[in-house]
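Presented below is the structure to which this report refers.
The values are calculated or read from the model by the stated rules, or taken from the named source; none is laboratory data. Computed from a predicted model, the values in this text were never measured in an experiment. Ideal geometry is used to build each Cβ from the backbone, glycine not excepted, and the neighbour counts take in all protein chains shown.
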């Protein structure tokens, strides 16, 4: 605790705030895909229950749905994908496994899972989440230019998707990491203007302030 306090005190206030914001963003980035996958899986089970399992064609699909709702590890999720490959639970389990691997820092394994999801389920409703997950893996692995291209492509291909704000913010973050500060500034400004009420606005505002400080320092 003392070391952390001293380290923070040695940085200028704005820079310290920006460092904390970036760390928060990375933490959220790591955790974001996992709740999506879990929520979809839970929603699937609830849907099947509410409709009296009208969509279930066999007891195998029912078992897969129950296992999905109870899964707590990557191994359990991968078993669902392998043993119940033809059920609606399989793609959700695949996406959830990828998210959990990313969350644990196993970026290459996560990328493999996302890649297999996109190969096996190209028309699935959660394909955008897998696309974004692939870009996150690239960024986390240091492939910033490639990640930037993927985030930009996601935004263009999914202008109204609920995940698009995260893609836009991620693009700005990549631009910042690449030293393209004026471009990052423009993206942050545009985001704030278009999304003044979003929960991400305070963090984006702090990022914008830091970028503008860096731009002034270079002049």
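Check 92, 80 and return the single one that is farther than 21 Å from residue 132 by Cβ, buried (at least 17 other Cβ atoms within 10 Å of the Cβ) and modelled with pLDDT of 85 or more.
Details: 92 fails: farther than 21 Å from residue 132 by Cβ.
After applying the criteria, what remains is 80.
Out of the stretch 127-153, which residues are within 27 Å of residue 89 (Cβ to Cβ) and within 12 Å of the chain's Cα centre (by Cα)?
The answer is 128, 129, 130, 131, 132, 133, 134, 135, 136, 137.
Is at least one residue of the stretch 60-68 assigned to a helix (DSSP H, G or I), under 24 Å from residue 134 (Cα atoms) and in contact with a helix residue (DSSP H, G or I) (Cβ under 9 Å, 6 or more places away or on another chain)? Please lay out each step first, then the result.
From the stretch 60-68, those assigned to a helix (DSSP H, G or I) are 60-68; that's our starting set.
Add one more test, that the residue is under 24 Å from residue 134 (Cα atoms), and what stays is 68.
The next check asks that each one be in contact with a helix residue (DSSP H, G or I) (Cβ under 9 Å, 6 or more places away or on another chain); those that pass are 68.
Scanning the stretch 60-68, I find at least one residue that is assigned to a helix (DSSP H, G or I), under 24 Å from residue 134 (Cα atoms) and in contact with a helix residue (DSSP H, G or I) (Cβ under 9 Å, 6 or more places away or on another chain), so the answer is yes.
Which one of these does residue 105 not meet: (1) assigned to a helix (DSSP H, G or I); (2) surrounded by fewer than 16 Cβ atoms within 10 Å (Cβ to Cβ)?
Tallying (1) assigned to a helix (DSSP H, G or I); (2) surrounded by fewer than 16 Cβ atoms within 10 Å (Cβ to Cβ), residue 105 fails exactly one: (1).
Yes or no: the stretch 117-124 includes at least one residue that is closer than 18 Å to residue 139 by Cβ and within 17 Å of the chain's Cα centre (by Cα).
Applying the first criterion (closer than 18 Å to residue 139 by Cβ) to the stretch 117-124 yields 118.
Filter again for within 17 Å of the chain's Cα centre (by Cα), leaving 118.
Scanning the stretch 117-124 turns up at least one residue that is closer than 18 Å to residue 139 by Cβ and within 17 Å of the chain's Cα centre (by Cα).
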